[in-house]
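Visitor: Just passing along the structure, written as C-alpha cells.
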Amino acid sequence: MSQENVERWRASIEDFLAGTSEFDREGMLTRIAERWDPEFELDASEGSVLDISGVYRGTDAVQQFWREWLAAWETLRFEYELVDAGDRAVMLLDMQMRGRSTGIEVPFGKFAWVTTFRDGLMVHQKLYMSQSEALEAVGLSE
C-alpha cells in the first residue's frame, strides 16, 4: 500500500504543477481535494510565512490555505523527491518563487512535507522547514 500512497501523492503534485495559474487554480484545488479525507489536517505551524502559518482542518480550510499561498506568487518552481515511509510519505523540496506584487525572486530553499495516508486518502500533512527533521519524524535519516 505504501507505494500506492507515493503514487497518489505524485498525482496530486502533477495536478498542482499543471494548475497553479489563476485560470485553473480552483479546478486544480478541487482535483487535489478528491485525494483528501474530509477531515484532512494541514499543519503549517512551522512555516516561516507568519500570515499563513498555522493548522488548517477540513478540506475547505486547506483549500483556502493554498489559495492564499498561491495568490502571493507569480511563479513557483521546485524540484522534489518522494520518499516512501509506510503509511506516510515525505516530499523533499527545493523551491524558488517570484512575488506577484514585487517580481522579486525568492529562494525558499529546502524543506519538506510529511503526509499520512489512511484508506487511500491523505489525512494529515505537516510542514518541516528542515528535510532532516522530516525524515527523522518518519524514522528515516538522510
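The values are calculated or read from the model by the stated rules, or taken from the named source; none is laboratory data. Just so it is clear, the model here is predicted, and its values are computed rather than measured. All Cβ positions, even for glycine, are placed from backbone atoms using ideal geometry, and neighbour counts span all protein chains on display. Note: accessible area is taken over every heavy atom of the protein model, side chains too, but ligands, DNA and RNA are not part of it. Shrake-Rupley method; radii C 1.70, N 1.55, O 1.52, S 1.80 Å.
Visitor: Name the pairs: first residue in the stretch 1-14 and on the phi < 0 side of the Ramachandran plot, second residue aliphatic (A, V, I, L, M) and open to solvent by less than 10 Å² (accessible area, probe 1.4 Å), Cβ to Cβ under 8 Å, at least 6 apart or on different chains?
Guide: Pairs found: Ser2/Ala89; Asn5/Ala89; Val6/Ala89; Arg8/Met122; Trp9/Ala89; Trp9/Met122; Ser12/Met122.
Visitor: Let me ask something else. Restricting to the stretch 82-116, name every residue that is under 14 Å from the mean Cα position of the chain (by Cα) and among the charged types (D, E, K, R).
Guide: Those that are under 14 Å from the mean Cα position of the chain (by Cα) and among the charged types (D, E, K, R): Arg88, Asp94, Lys110.
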